[in-house]
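Below: the structure, in structure tokens.
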Amino acid sequence: MNQILFSFDDKNSQNIDNSYSKHKSKKLSFSNFQFIISIIILIVLVFALLFYLFSLFKKENQSNGLIDNYSIFKLYSDQNVSSNESNNNIFGIIEIPKISIYYPIISKISDEALKVAPCKISGNDPYKNSNLCIAGHNYNNSMFFSNLNLLNNNDEIFIYYNDTKFVYYVFNKYEVDEGDLTPISDYTENTKELTLITCNNFNSKRIIVKSKQRGL
């Protein structure tokens, strides 16, 4: 009788061991599968990041190339600004020292142009009374108008146009809904204003920076 019980206990013990081994094997297989999936996801994310950074680098080079072409054209030409605008569609250059911005301004806005540099939306040249509006993409602190939200009242914005440097001082900063176009038409008559527009990528609104020109 004891021999039978012993034999039965051995079989139970062996079955338990086999069951445990199978369970452990399945658990290890699932863990290995999870590990492989995690590695694949990590590789995909790394490549996506590298592609994004490469795209930004390419856009930055395109923008710098436009500035170089514009500078060469200005150096060897005595034509007026209307000719300058037709050359590479460059309106002028915008510089904001506080946030290290120095970009060409493309004279006509389009989806493709916005990928290369800030674009003029509306308004006259800086010599005339108007609201000169310029839009630029927000690339989250990488380029173009990413840091407009850091500007405060009295910060300087420079527009280079027809060999002249025009100085603007910020007097207001606010946000509007994505489809709100009032900042384009909102300006004081008989003044020379500059309005910069970009997206707030966190709340789908537009960041608006208003400034006024002061003396040459």
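The values are calculated or read from the model by the stated rules, or taken from the named source; none is laboratory data. Quick caveat, the model's predicted, so the values are computed rather than measured. So basically every Cβ, Gly included, is an ideal-geometry build from the backbone, and we count neighbours across all protein chains shown.
Can you name the residue in region 107-153 that is charged (D, E, K, R) and closer than 16 Å to K212 by Cα and is also nearest to the chain's Cα centre (by Cα) among such residues? By that ranking, first place goes to D125. Of all residues in region 158-214, those satisfying the criterion of being in contact with a Phe, Trp or Tyr (Cβ under 9 Å, 6 or more places away or on another chain), free of Cβ contacts under 8 Å to residues at least 60 places away in the same chain and either within 16 Å of K120 (Cβ to Cβ) or not polar (S, T, N, Q) (or both) are K165, F166, V167, Y168, P183, I208, K210, S211, K212, R214.
Whether any residue in region 117-127 is without any contact (Cβ under 8 Å) to a residue 24 or more places away in the chain, assigned to a strand (DSSP E or B) and buried (at least 16 other Cβ atoms within 10 Å of the Cβ) is what I want to check. Scanning region 117-127 turns up at least one residue that is without any contact (Cβ under 8 Å) to a residue 24 or more places away in the chain, assigned to a strand (DSSP E or B) and buried (at least 16 other Cβ atoms within 10 Å of the Cβ). For beta carbons closer than 6 Å, sequence separation of 6+ or different chains, a first residue in region 77-104 that is on the phi < 0 side of the Ramachandran plot and modelled with pLDDT of 90 or more and a second that is surrounded by 11 or more Cβ atoms within 10 Å (Cβ to Cβ) and basic (K, R), the qualifying pairs are F91/K120. Examine region 177-194 for a residue that is under 21 Å from P97 (Cα atoms), touching a Gly at 6+ places or on another chain (Cβ under 9 Å) and of a type in the set (D, E, K, R), and state whether such a residue exists. For region 177-194, residues under 21 Å from P97 (Cα atoms), touching a Gly at 6+ places or on another chain (Cβ under 9 Å) and of a type in the set (D, E, K, R): present.
With K128, K120 as the choices, which residue is of a type outside the set (G, A, S) and closer than 16 Å to E95 by Cβ? Walk me through how you get there before you give the answer.
Working: K128 fails: closer than 16 Å to E95 by Cβ.
When all the criteria are applied, what remains is K120.
Please go through region 122-142 and give me each residue that is within 12 Å of T198 (Cα to Cα) and of a type in the set (A, V, I, L, M, F, W, C), ordered by number. C133, I134, A135, listed by residue number.
Might you let me know whether region 192-202 holds any residue that is within 18 Å of the chain's Cα centre (by Cα) and of a type in the set (V, I, T)? Checking region 192-202: at least one residue is within 18 Å of the chain's Cα centre (by Cα) and of a type in the set (V, I, T). Residues in region 181-188: is at least one in a strand (DSSP E or B) and surrounded by fewer than 20 Cβ atoms within 10 Å (Cβ to Cβ)? No: zero hits. Does K173 satisfy being out of contact with any Pro (no Cβ under 8 Å at 6 or more places or on another chain) and surrounded by fewer than 15 Cβ atoms within 10 Å (Cβ to Cβ)? For K173, the condition - out of contact with any Pro (no Cβ under 8 Å at 6 or more places or on another chain) and surrounded by fewer than 15 Cβ atoms within 10 Å (Cβ to Cβ) - is not met. Checked against (1) under 14 Å from S130 (Cβ atoms); (2) in contact with a Cys (Cβ under 7 Å, 6 or more places away or on another chain); (3) assigned to a strand (DSSP E or B), I197 meets all criteria but (1). Taking region 139-159 as the range and being at pLDDT 90 or above and either part of a loop (DSSP other than H, G, I, E, B) or buried (at least 19 other Cβ atoms within 10 Å of the Cβ) (or both) as the test, the residues that pass are F145, N147, L148, L151, N152, N153, N154, D155, I157, I159.
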